[in-house]
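Undergrad: My structure is below; once you've seen it, I'll send some questions.
Computed from the coordinates by the stated procedures, all read-outs in this text should not be read as laboratory data. These numbers come from a predicted model, not from an experiment. Methodologically, a virtual Cβ is constructed for each residue, glycine included, from the backbone with ideal geometry; neighbour enumeration extends over all protein chains shown.
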Amino acid sequence: MEEAAAVELTGVGVRFGARQVLRDLDLRVRPGELLALVGPSGAGKSTLLQVLAGLRRPDAGVVHRSGGERSTTGLVSQHPHLLPWRTVAGNVALGLAYRRNGGRWPRPGPGGERVARLLEELGIADLADRFPSQLSGGQAQRVALARAIVIEPHLLLLDEPFGALDPVTRRDLQDWLLALHRRRGPATVLVTHDLDEALLLGDRVGLLGTRPGPIEVVPSSVTDRAGLADGSAHRALLARFAADRDVRDVRDLDADDGGRAPGRSPGAGTGAAVDRRRVLQVAGSAALLAAPFVAAAVTAPPAAPRRQGPAVGGGPLRVGYLPITDAAPLLLAHAEGDFSAVGLDVPRPVLFRSWPDLAEALQSGTVDVVHMLMPLAVQLRHGAGLPVRVLLWNHVNGSALTVRPDVDSLAQLAGTTVAVPFWHSIHNIVLQQLLRSSGLTPVLQGEASAGAGEVKLALMAPSDMPPALAAGQVAGFTVAEPFNAAAEVQGIGKVLRFTGDVWKDHACCVTVVHQRLLDERPAAAAAAVQALVAAQRRLRDRREGAARTLSDGGYLPQPLAALERTLATGPDAAYVRDGAIQHPGWQQRRIGFQPYPYPSYTAQLVRAMKETAVVGDTAWLEAVDPDGVHGQLVREDLVLRAIRSSGGFDAFGSAGPVRTEVVLP
């Protein structure tokens, strides 16, 4: 007789008003298995988790749990949501107290020994007395997982638990989760947008499409815990899935393995996690699927193009971006027809969740053109060996250090935590320059001492920064717009200093492509640069309607008021009075648009990167020659040609292709 399912859905449907999110969904989660669910944003993954958790009653169908009313469910989301006033042990014990109190919020009680044993088992006993502000992102997520499993749940639900982590920490946590699952073995459902992660962790992989309908579930095509498969079932599934569910661009799934099914090395004996990782690397599975599976697609319809130029061959050119105003030229070039005007077929740009996701999509060929942090582009080429090329700058300035309303000086940040969006970013670089200029010391691990003049820097997703500031979890954050403007509009923070007032007209994000685009489709690359330069020229002259286009067109999700504040035509005199602008003679806008990638900036940026503390390996930086990076990383000829055809350097407020960097913290 077949073992009873941990949870089983039959004919489940969920609607939000007139919108059908899930329809006729059957799903059976077996005891002890780890089921990974993959799908684009809007496919209903989070809604499905709510149904599985019992947080939402389906509009149709039946949900059956093997434990009935006594069934318990643990839930872990992308962000750990630890209570900042409780220690690690206290946060983990919270689950026990809640369960012991009949599902009501807790009263004091026993459980300390059980928590201590679990922390010891999970290898995090040394964190027991720390507070969340003293944890790294990976440590905090381990604690969140411990809090979920301390109640010994019948079902463990993981909603992109590693999505906010850097790639190295993410890999460590994936291996840690596999080891945890082998020991504890609860039925587990993992939602992820990363197919590599699904194949690595899942016993089976389920695929949801953008159209509601039955879910497809198959064994992992790479390996399972009993052995290895040749991938044919997975390949057939994806082909059928693409045809039936409006998913396009499913790639050739044949691994370049000479026709052999990948297998364990003789005598390896290193366990499933290591073996799966090796198989994924051999199979090159990062390129298995295209954008619908790794990105969050925005569903608003594209604006009609203004005109169509002679077609540039080679098929569609796919654009990827993060939802910040640094991406404005790419988004407006699509919305206002600049791509069409130069003959490019550019589908609606695809919104990604994080810089690692965007970098992985570029590497795999999921997208062709992206905007990217300039320091990250340096790291990818010189640290990771990825042949990326910078074609032009997307903008200048456009970032700030935002703090609580009661913070009036950098000195008041001593002993506090300030969030940064990415270690290799101009935000982290400029923030550390500011701190050092005020006699403060940035620290990345442990607790910051106010007496020693230390400021703790913590990695945080931009969308989490304003809520964290409002909740008092951080004293400030530095990030691209419009998150600084959003904090001002909401009345929860103020700009202490604009980064462009520290490093005059610095670049943050730049347009980046893989070398293969330049090799295989040079005309498309040149046309894309022409379109982006035209979009920047128009942005300089007509800012008023840009914010509404980005908002109404569904390209950026932030409030219109924040977008309008970011793209305002000139600086507010109040910023000069309050010290956010200390160099008013520079006459800079909050965000400016100038496409030429100055060699002097590239060299100065690499020097600054060498002086900036980051978490992770920086040995590769030691061998990088600041004066040699530009020629290897940046392709100048295309943007020079486009600038000349768009009115020359004067049209962008520049005297020419040479400048001296001005950095005055």
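Undergrad: Once you treat every alpha carbon in segment 538-665 as an equal point and sum by Debye, what is log10 I(q)/I(0) at q = 0.12 Å⁻¹?
TA: Log-scaled intensity ratios, in q order: -0.71.
Undergrad: Can you compute 3J(HN,Hα) from phi for each residue in segment 321-326, using the Karplus curve 6.51 cos²θ - 1.76 cosθ + 1.60 with θ = phi - 60°, rounded to whole Hz and x for Gly and Pro?
TA: Taking θ as phi minus 60°, the curve returns 7, 9, x, 9, 6, 4 Hz for segment 321-326.
Undergrad: Taking 0.36 nm per residue of separation and subtracting the Cα-Cα distance, what length does fully extending R117 through K610 add?
TA: 173.3 nm
Undergrad: If you don't mind, another one. Using only alpha carbon pairs under 8 Å that are at least six residues apart, calculate the relative contact order of segment 592-649 and give it in whole percent.
TA: 49 percent.
Undergrad: Any idea what the dipole of segment 399-501 comes to, in debye rounded to 20, about its Cα centre with Lys/Arg Cβ at +1 and Asp/Glu Cβ at -1?
TA: 120
Undergrad: Enumerate the amide H contacts of L22 below 5 Å, restricted to partners 5 or more residues apart or on another chain; note that Pro and chain-start residues carry no placed amide H.
TA: V14
Undergrad: Let me ask you something else. Going by amide H atoms built from the backbone, whose H comes under 5 Å of the H on L156, apart from near neighbours?
TA: Counting only residues 5 or more places away or on other chains, the set is G74, A187, T188, V189.
Undergrad: With θ set to phi - 60° and the Karplus curve 6.51 cos²θ - 1.76 cosθ + 1.60, what are the ³J(HN,Hα) couplings of segment 379-387 in order, to the nearest whole Hz, using x for Gly and Pro?
TA: Working through the residues one at a time gives 4, 5, 6, 9, x, 9, x, 8, x Hz.
Undergrad: Okay, moving on. Tell me, what HN-Hα J-couplings in whole Hz come from the Karplus equation 6.51 cos²θ - 1.76 cosθ + 1.60 at θ = phi - 60° for each residue of segment 113-124, using x for Gly and Pro?
TA: So the J values, rounded to whole Hz, are 5, 5, 5, 4, 5, 5, 4, 5, 4, 8, x, 10.
Undergrad: Express the relative contact order of segment 322-387 as a whole percentage, based on alpha carbon pairs under 8 Å and six or more residues apart in sequence.
TA: Normalised by residue count, the contact order of segment 322-387 is 29 percent.
Undergrad: Then there is this: Taking every eigenvalue of the Cα gyration tensor of segment 399-501, multiplying by 5 and rooting it, what semi-axes result, largest first, whole Å?
TA: 19, 14, 13
Undergrad: Counting only residues 5 or more places away or on other chains, whose amide H sits under 5 Å from the amide H of H583 once H atoms are built in the peptide plane?
TA: Sorted by chain and number, the residues that satisfy this come to none at all.
Undergrad: Same structure again: Please state the Cα pair-distance histogram of segment 579-631 with 10 angstrom bins from zero: what percent is in each bin?
TA: Spelled out bin by bin, segment 579-631 gives 19, 33, 33, 15 percent.
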